[in-house]
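*Asks:* The following block contains the structure, expressed as structure tokens.
The values are calculated or read from the model by the stated rules, or taken from the named source; none is laboratory data. These numbers were taken from a predicted model, which means no experiment stands behind them. Positions of Cβ are backbone-derived with ideal geometry, glycine not excepted, and every protein chain shown enters the neighbour counts. Each accessible area value is taken on the protein alone, full model and side chains, heavy atoms only, with ligands, DNA and RNA left out. Shrake-Rupley method; radii C 1.70, N 1.55, O 1.52, S 1.80 Å.
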Amino acid sequence: GWTDASQDEIVNPAPIAKMAFITAAQNIGEYLVSGIITVRTYDEFDNISNATEDVQLNLTTTSPAGAFGEANTAPFESTSVTLSVNTNSVSFYYYDEEIGDWSITASESPSRDWADISQAVSVYPWIISTIAITTAEQQIQAGGVSGAITIQTRHKKGFALAVSQNTAISVATTS
């Protein structure tokens, strides 16, 4: 009979047809830097595909205070990153001072008909900077007992912020 024959074949990816975030959506504290965020390029068959030239990716956010950087330290002034020739991914960092659920978007420039991609970013408060008494002023007769007095921990912008563990707070009076 016949002898089996085999030959290795190299399948090269097709040209880039799309991009995707390959890192998970970010949950960061305000005034903190995100973990690394990475975008990767793929061909129409979902194979990783390298850029044949430098490609600018424009970065935007729905947050009024969000910013991007190419390193995890200031300044956060980037509005784009470059996917370099012969590479298939580019990374950046996100910084935000505004609490909320936002979206970040990457789009190629000039357009190569790749769909823009978006990913969620949640920015949560994390700094307690003051306490406030939230009950109205009370008038108490001498020897009497006041009603309950509520103390609230707050962020520096004035909104309520829960403590992460039981916390003793000392109170004093001037009378």
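*Asks:* Go through the range 18-34 and give me each residue that's of a type in the set (A, V, I, L, M, F, W, C) and farther than 14 Å from Ser89 by Cα.
*Replies:* Across the range 18-34, the qualifying residues are Ala24, Ala25, Ile28, Leu32, Val33.
*Asks:* For the range 25-58, which residues satisfy the criterion of being in a strand (DSSP E or B) and either polar (S, T, N, Q) or open to solvent by less than 30 Å² (accessible area, probe 1.4 Å) (or both)?
*Replies:* Gln26, Asn27, Ile28, Gly29, Ile37, Thr38, Val39, Thr41, Val55, Gln56, Leu57, Asn58
Listed here are the residues, each with its yes/no results for (1) closer than 27 Å to Ala17 by Cβ; (2) touching a residue at least 40 places away in the same chain (Cβ under 8 Å); (3) touching a Cys at 6+ places or on another chain (Cβ under 7 Å).
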position: Leu59; (1), (2), (3): yes, yes, no
position: Ala67; (1), (2), (3): no, no, no
position: Glu70; (1), (2), (3): yes, no, no
position: Ser84; (1), (2), (3): yes, no, no
position: Ser103; (1), (2), (3): yes, yes, no
position: Val121; (1), (2), (3): yes, yes, no
position: Ile128; (1), (2), (3): no, no, no
position: Gly144; (1), (2), (3): no, no, no
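*Asks:* Pairs only if they're at least six apart or on different chains, beta carbon under 6 angstrom, first in the range 157-175 and touching a residue at least 12 places away in the same chain (Cβ under 8 Å) and surrounded by 10 or more Cβ atoms within 10 Å (Cβ to Cβ), second among the β-branched types (Val, Ile, Thr) and in a loop (DSSP other than H, G, I, E, B); list them, first residue then second.
*Replies:* Pairs found: Leu161/Ile128.
*Asks:* Out of the residues in the range 80-96 meeting the condition of being open to solvent by less than 70 Å² (accessible area, probe 1.4 Å) and in a loop (DSSP other than H, G, I, E, B), tell me which one is nearest to Thr41 (Cα to Cα).
*Replies:* Start the filter on the range 80-96 by keeping residues that are open to solvent by less than 70 Å² (accessible area, probe 1.4 Å), which leaves 80-81, 83-85, 87-96.
After this cut, where a residue has to be in a loop (DSSP other than H, G, I, E, B) as well, the list is 84-85, 87-88, 96.
Details: Ser84: 11, Val85: 12, Thr87: 9, Asn88: 5, Asp96: 26 Å.
So the residue we want is Asn88.
*Asks:* Looking at (1) farther than 17 Å from Trp102 by Cα; (2) loosely packed, with under 13 Cβ neighbours inside 10 Å, can you tell me which one Pro64 breaks?
*Replies:* (1)
*Asks:* With respect to Ser107, determine if the residue is polar (S, T, N, Q), within 30 Å of Ile22 (Cα to Cα) and surrounded by 10 or more Cβ atoms within 10 Å (Cβ to Cβ).
*Replies:* Answer is yes for this residue.
*Asks:* Checking the structure you have, find out if any residue of the range 126-144 is in contact with an Asp or Glu (Cβ under 8 Å, 6 or more places away or on another chain), on the phi < 0 side of the Ramachandran plot and loosely packed, with under 15 Cβ neighbours inside 10 Å. Before you say what the answer is, go through the steps one by one.
*Replies:* Narrowing the range 126-144 to residues in contact with an Asp or Glu (Cβ under 8 Å, 6 or more places away or on another chain): 126-127.
Those still in the list that are on the phi < 0 side of the Ramachandran plot too: 126-127.
Applying the additional criterion that residues be loosely packed, with under 15 Cβ neighbours inside 10 Å yields 126-127.
Yes, the range 126-144 has at least one match.
*Asks:* Evaluate the range 70-79: report whether one residue or more is assigned to a strand (DSSP E or B) and touching a strand residue (DSSP E or B) at 6+ places or on another chain (Cβ under 9 Å).
*Replies:* Yes, that holds for at least one residue.
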